[in-house]
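Structure record follows, encoded as structure tokens.
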Amino acid sequence: MHYTNIMYLMRRYTSLIPALPAGIALAFLTFLPSFLQGQASEEFSLSQTVSVNDTGTTITLTQAIDIALANNIQVKRALLSLQEAEEQVLSAWGEVMPDISTSMNYTRNMEIPVNFIPARIFNPQAPDEQLIAVEFGTDNNWNGGLNINQPIFRGQAIVGISSSKVYKLVQSERYRATAQQIVTQTRLAYYEVLIAREQLELQESSIHRLEKNLRENRARQNAGLVDEYDVLRLEVQLSNQRPRLTTAKYEVQRAYRNLKQTLGLPLDFKCKVAGALKQFDITDDTLSDSLNTSLIQVDQMTPLILHPDIGFTRKMFHKRGDLRTLDARIELKDREILAAKSRFLPTVSASYSLQWNAAEAGNPDFFATESERARSQAVMLQFSLPVFQGMQRNTAVQRAQIQKKDLRLMAENTRRTAQNEIESARESIQQAMETEEARKKAIRQAQRGYEIATARLDQGVGSQLDVTNAELQLREAELNYAEMVYSYLASKARYDQAAGMVPFVDNPVHINN
């Protein structure tokens, strides 16, 4: 679908959003990108609308990306720049098109202008110093005409046409790079909400277990099974844990605000995200986990090559938005150099002029009669060759060539940075995969240890310290697994952007939630 049509539809439909209730507006924003894609594919699905419940709007990852692409300010600005680039292409073509103009004016002399001339013109016997008044003109005067100017050869205009097309290509690549960036930011912000929520749930679970142990140990103290020191130690641990719970709550709020800002939503909009990191299996490529279906789908939309060859890495460079933008800017700089050199070339143009003049006394009659009207025509060929304009033309060429070299250095540095980003993201992904089984095993062992410590305490052969340590190990094991999953998903998002294969931008497949 052409981007100008997208812009028209976005302006038309997003203008209705402020008048809608919050939940319906968000559902509309989520449906809008699918509708725009449907304009090209002639199909869209109503199943992509978000769900609204008493606790707020539930957003999946794919819906969050949809909303960001439709509502993020940076994406909208990139689309406007792309639209402006197309207008510049039309403007460049106007430089080689004919310039046609018409004009007409009418003058009514309330008093005929008078000039003084020597009287000897009419009377040779008149004195030299004698002047007589003579009226020049008529009561009514008309003149009008048609002028056409056609450039035949103008180097700057010809180069300007090709330059405008390359400029449009630059803006197109910038839009693509912006879309890649926004999708990646959305994924990272979404994952930050999930990990912050996991940390909050783990803190709440830890508080719950401590409170339960405290109640049970107070009962044991009343029964004489434990002393006051064991109970006091649990109370101290619980007091130390509550500030962590408060910190985790604020981290969740901060993560949600960051996500809403990325999606272009009001900060007071109530919503929650779908997914659970502690239940995500990074080695399971099936969609059996309904809670994390959206996370799995987005993760699988782009391939993961852990052991690429040099040729594959170079192909990745051709897909990165920033590198493609730099390549387009280098091409645009080539056109700028040609435009500067074209200032040394001559310009050739042709013009045609058709003029009418009429004069009439008394009452006006439009353009008078044929005897009082005259017509003239002229054709002119103009040739202009700039000989010397100081050093402006030479310096313009030199500056453009220097700027091109600078762009090449930027591109080389960006390629090195891209290679480092790809390798760093790939290593983080490999690290998460290699440690996943150990994290799972640690959770199973910690859970079993906590159960044993609790049973030993109930039987009177264990201590509260053993239960406390077991609970701490279980909490750390669960948190470590959730952080490992977060590291994998965030690294995969960065890997996709570094490799130039970002879901919803470089993958045409659209997933229905």
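The values are calculated or read from the model by the stated rules, or taken from the named source; none is laboratory data. Here the structure is a predicted model, which is why all the values come from computation and not from measurement. We place every Cβ from the backbone using ideal geometry, glycine too, and count neighbours over all the protein chains shown.
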Original post:
Can you tell me which of ALA378, ALA400, ALA350 is touching a residue at least 24 places away in the same chain (Cβ under 8 Å) and either closer than 22 Å to ASN141 by Cα or in a loop (DSSP other than H, G, I, E, B) (or both)?
Top reply: ALA378
Original post:
Going by the conditions given, is LEU202 in the same structural domain as THR454 (by TED's automatic domain parsing), modelled with pLDDT under 85 and assigned to a helix (DSSP H, G or I)?
Top reply: yes
Subject >> Any chance ALA378 is out of contact with any Cys (no Cβ under 6 Å at 6 or more places or on another chain), surrounded by 13 or more Cβ atoms within 10 Å (Cβ to Cβ) and of a type in the set (A, V, I, L, M, F, W, C) >> reply: no
Original post:
Is at least one residue of the range 123-130 among the aliphatic types (A, V, I, L, M) and either at pLDDT below 85 or not assigned by TED's automatic domain parsing to the domain that holds ASN357 (or both)?
Top reply: yes
**OP:** Answer yes or no: is there a residue in the range 391-408 that is in contact with a strand residue (DSSP E or B) (Cβ under 6 Å, 6 or more places away or on another chain), among the hydrophobic types (A, V, I, L, M, F, W, C) and either exposed (fewer than 13 other Cβ atoms within 10 Å of the Cβ) or closer than 26 Å to LYS212 by Cβ (or both).
**Re:** no
Original post:
Mind checking which pairs have a first residue in the range 229-257 that is closer than 20 Å to ILE59 by Cβ and in contact (Cβ under 8 Å) with a residue 60 or more places away in the chain and a second that is among the acidic types (Asp, Glu) and part of a helix (DSSP H, G or I), Cβ under 7 Å, 6 or more apart or different chains?
Top reply: ALA255/GLU192
Original post:
Do we have ARG215 as over 30 Å from SER491 (Cα atoms), part of a helix (DSSP H, G or I) and either among the hydrophobic types (A, V, I, L, M, F, W, C) or touching a helix residue (DSSP H, G or I) at 6+ places or on another chain (Cβ under 9 Å) (or both) here?
Top reply: no
Subject >> the range 235-251 - residue that is surrounded by fewer than 18 Cβ atoms within 10 Å (Cβ to Cβ) and hydrophobic (A, V, I, L, M, F, W, C) and, of those, modelled with the lowest pLDDT >> reply: LEU238
Original post:
Can you tell me how many residues in the range 103-115 are among the hydrophobic types (A, V, I, L, M, F, W, C) and modelled with pLDDT of 85 or more?
Top reply: 1
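Quick grid of which residues meet (1) in contact with an Asp or Glu (Cβ under 8 Å, 6 or more places away or on another chain); (2) surrounded by fewer than 16 Cβ atoms within 10 Å (Cβ to Cβ); (3) not in a helix (DSSP H, G or I):
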residue	(1), (2), (3)
LYS440	no, yes, no
GLN447	no, yes, no
GLU451	no, yes, no
THR454	no, no, no
LEU457	yes, no, no
GLY460	no, yes, yes
GLN473	no, no, no
SER487	no, no, no
Original post:
Taking the range 181-215, which residues are in contact (Cβ under 8 Å) with a residue 24 or more places away in the chain and more than 49 Å from the chain's Cα centre (by Cα)?
Top reply: ASN213, LEU214
Original post:
Going by the structure shown, is ARG426 assigned to a helix (DSSP H, G or I) and touching a residue at least 60 places away in the same chain (Cβ under 8 Å)?
Top reply: yes
